[in-house]
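The structure's right below; bear with me while I get my questions together.
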Amino acid sequence: MKAFTVDRYGNADRVRVSEVPDPQMREDDVLIEIHAAGVNPLDSKIRAGQFKLILPYRLPLILGNELAGVVVSVGSRVRRFRPGDEVYARPDTQRIGTFAEMIAVSEDDLAIKPKNLTMEEAASIPLVGLTAWQALIETAKLKQGQKVLIQAGSGGVGTFAIQLAKHVGAIVAATTSTANVDFVKRLGADVVIDYKNDRFEEVLRDCDVVLNSLDRETLEKSLLVLKPGGKLISISGPPDPEFARQLGSGRMLSLVMRLLSFRIRKQAGRRKVDYSFLFMRASGEQLRQIGALVEAGALRPVVDRVFPFESTKEAMAYVDTGRARGKVVVKVRPAA
């Protein structure tokens, strides 16, 4: 089968289309014919080797972290899926590879695709949907009436997190550029801060939750808008000791993560704020809950652009510009 692979960590030139063997299945796996795959900043970070200490992939590696497609066959222990089912997923971090014609995914990481979405729309959801869910619902336990700030409101995670927070009944603030202010308002944000003209730390106060996906400076400024007891959740780092524990990291790597997050944890402690780093995990059950909200009309995918499969490198380059509104997707197979 054809797939976009990287045989050595490095720049975009390391990505190439290759002929690779079909996936090997386990007893609890589902073999999927991929119709569309979402493209994320995470893909370029993996390509560059930014996660090689915590995710030691065997090279060559097929890139890609989310998909929508059709079940081809199932392992002997699979009970919830059958050939012909339309599904979507974020594979486990150890088994990525959605920039390909096929993939084997654990049954537990898979869910039936929302019936009201195209394959391209469905493929745009798993990674950002699970990130928003695990940050706002699972970690923050966001409640009706609470105030939440979502950084980068027009990005992939931001567009989904705004809608999810509004569904919960929260008061939502978001940052974005001048060109995207009206777009973010239409997503449901109650307060939109144009970061090119205003400083969010001077506009907001007494937030219960901040979801950060930006740089260290923005992360530290986010502390200023939280009230005591608030939660600062970052998906862009730095990793904390709890993340090391979840990974089962060795003593040395745990120490490195403790040192990397020492400054922000200390600053958070002074302000009586809880800091946590989130590296989203695969979950078919959470995707089922997200899919139900999509089918009910409470959430909708935001797709900026769809690229053909052969232009996957160009799709990654476009995502790297940071200009995409919502998600970028590659169409692996034409619609039937």
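Which of rounded, prolate or oblate describes the stretch 214-259 when judged by the alpha-carbon gyration tensor and an a/c cut-off of 1.5?
Working: a/c = 2.93, a/b = 2.07, b/c = 1.42.
It comes out prolate by the Cα gyration axes.
Can you give the direction-averaged projected area of the convex hull of the alpha-carbon atoms in the stretch 51-113, in nm²?
On the way: hull surface 18.5 nm².
With the hull built on Cα positions only, its mean projection is 4.6 nm².
May I ask you to list the aspartates and glutamates whose Cα is less than 14 Å away from that of Lys331, ignoring any residue fewer than eight positions away on the same chain?
Within the straight-line cut-off, Lys331 pairs with Glu33, Glu66, Glu101, Glu120, Glu121, Asp304, Glu310, Glu314.
So what's the gap between the Cα centers of the stretch 1-43 and the stretch 50-104, to the nearest angstrom?
Here the two parts' Cα centres lie 9 Å apart.
Classify the stretch 111-181: rounded, prolate or oblate, from the alpha-carbon gyration tensor (a ≥ b ≥ c, eigenvalue square roots; a/c under 1.5 rounded; otherwise prolate if a/b is larger than b/c)?
On the way: a/c = 2.17, a/b = 1.29, b/c = 1.68.
Verdict is oblate for the stretch 111-181.
Would you please give the residues with an amide H less than 5 Å from that of Ile103, counting only those at least 5 places away or on a separate chain, with H modeled from the backbone geometry?
Ile32, Ile34
A further question on this structure: What is the packing order of peptides 125-136, 100-111, taking the mean over residues of other C-beta atoms within 10 Å and listing the highest first? Write out the running numbers ahead of the final one.
Numbers: 125-136: 26.2, 100-111: 22.1.
Taking the mean over residues of other Cβ atoms within 10 Å, the ranking is 125-136, 100-111.
Sequence neighbours fewer than 8 away in the same chain don't count; with that in mind, list the aspartates and glutamates whose C-alpha is under 14 Å from Lys115.
Asp85, Glu86, Glu295
Rounded to whole Å, give me the distance from the Cα center of the stretch 210-236 to that of the stretch 284-325.
Centre-to-centre (Cα) distance: 25 Å.
Follow-up question, since we're still on this one. Using θ = phi - 60° and the Karplus form 6.51 cos²θ - 1.76 cosθ + 1.60, what ³J(HN,Hα) does each residue of the stretch 320-327 get, whole Hz, x for Gly and Pro?
5, 5, x, 9, 5, 8, x, 10
I'd like to know which of Phe51, Val303, Val225 lies farthest towards the positive end of the charge dipole of the chain, counting +1 on Cβ of Lys and Arg and -1 on Cβ of Asp and Glu.
The listed residue farthest towards the positive side: Val225.
Scan around Gly230 for amide H atoms under 5 Å from its own, H built in the peptide plane at 1.01 Å from N, and keep only partners 5 or more places away or cross-chain.
Amide H to amide H, under 5 Å and 5 or more residues apart or across chains, Gly230 pairs with Asp274.
Here's something else I'd like to know. May I ask you to work out the translational diffusion coefficient for the chain at 20 °C, viscosity 1.002 mPa s, via Stokes-Einstein with Rh from the Kirkwood sum over Cα pairs, reported in whole µm²/s?
Working: Rh = 20.3 Å.
Answer from the Stokes-Einstein relation: 106 µm²/s.
Enumerate the aspartates and glutamates that Lys266 could reach by cross-link, defined here as Cα to Cα under 18 Å, with residues fewer than 8 away along the same chain left out.
Straight-distance partners of Lys266: Asp215, Glu217, Glu220, Asp240, Glu242, Asp274.
Let me ask something else. Collect residues whose amide H, placed 1.01 Å from N in the peptide plane, falls under 5 Å from the amide H of Gly49; neighbours closer than 5 in sequence don't count.
Result for Gly49 returns Gly10.
Provide the packing ranking of 280-288, 152-160, 17-25, i.e. peptides ordered by the mean count of other C-beta atoms within 10 Å per residue, highest first.
On the way: 280-288: 19.6, 152-160: 28.2, 17-25: 13.4.
The densest-packed peptide leads the list: 152-160, 280-288, 17-25.
Would you mind calculating the relative contact order of the stretch 46-127 from Cα pairs under 8 angstrom and at least 6 residues apart, reporting the percent as a whole number?
In percent, rounded to a whole number, it is 33.
Keeping all protein chains in position, work out how much accessible area Glu86 exposes to a 1.4 Å probe, and write it in Å² to the nearest 10.
Roughly 90 Å² of Glu86 is accessible to a 1.4 Å probe.
Also, I was wondering about something else. Just want to confirm a number: the relative contact order over the stretch 161-299, from Cα pairs under 8 angstrom separated by 6+ residues, in percent.
Numbers: 186 pairs, mean separation 27.5, N = 139.
With pairs under 8 Å counted, the relative contact order is 20 percent.
Now for a different question. Work out how much length Asp92 to Thr139 would gain on full extension: take 0.36 nm times their residue separation and subtract the Cα-Cα distance, in nm to one decimal.
Working: separation 47, 0.36 × 47 = 16.92 nm, distance 1.95 nm.
Extending this stretch completely gives an extra 15.0 nm.
Can you list the HN-Hα couplings for the stretch 301-318, worked out from phi with the Karplus curve (6.51, -1.76, 1.60; θ = phi - 60°), rounded to whole Hz and with x for Gly and Pro?
Once θ is set to phi - 60°, the couplings for the stretch 301-318 become x, 10, 10, 7, 7, 10, 9, x, 4, 5, 9, 4, 4, 5, 4, 4, 5, 5 Hz.
May I pose another question? Listed here are the pairs Lys141/Lys272; Lys113/Lys231; Lys113/Lys185; Lys45/Lys143; which of them are more than 24 Å apart at the Cα? Mind showing how you got there, number by number?
Working: Lys141/Lys272 18 Å; Lys113/Lys231 32 Å; Lys113/Lys185 28 Å; Lys45/Lys143 33 Å.
Checking Cα-Cα distances, Lys113/Lys231; Lys113/Lys185; Lys45/Lys143 exceed 24 Å.
The values are calculated or read from the model by the stated rules, or taken from the named source; none is laboratory data. Small disclaimer: the values here were computed from a predicted structure and weren't measured. For neighbour counting, all protein chains shown are included, and Cβ atoms are generated from backbone atoms with ideal geometry for every residue, glycine included. Just so you know, the surface numbers come from the protein's heavy atoms only, side chains and all, with ligands and any DNA or RNA stripped out. Shrake-Rupley method; radii C 1.70, N 1.55, O 1.52, S 1.80 Å.
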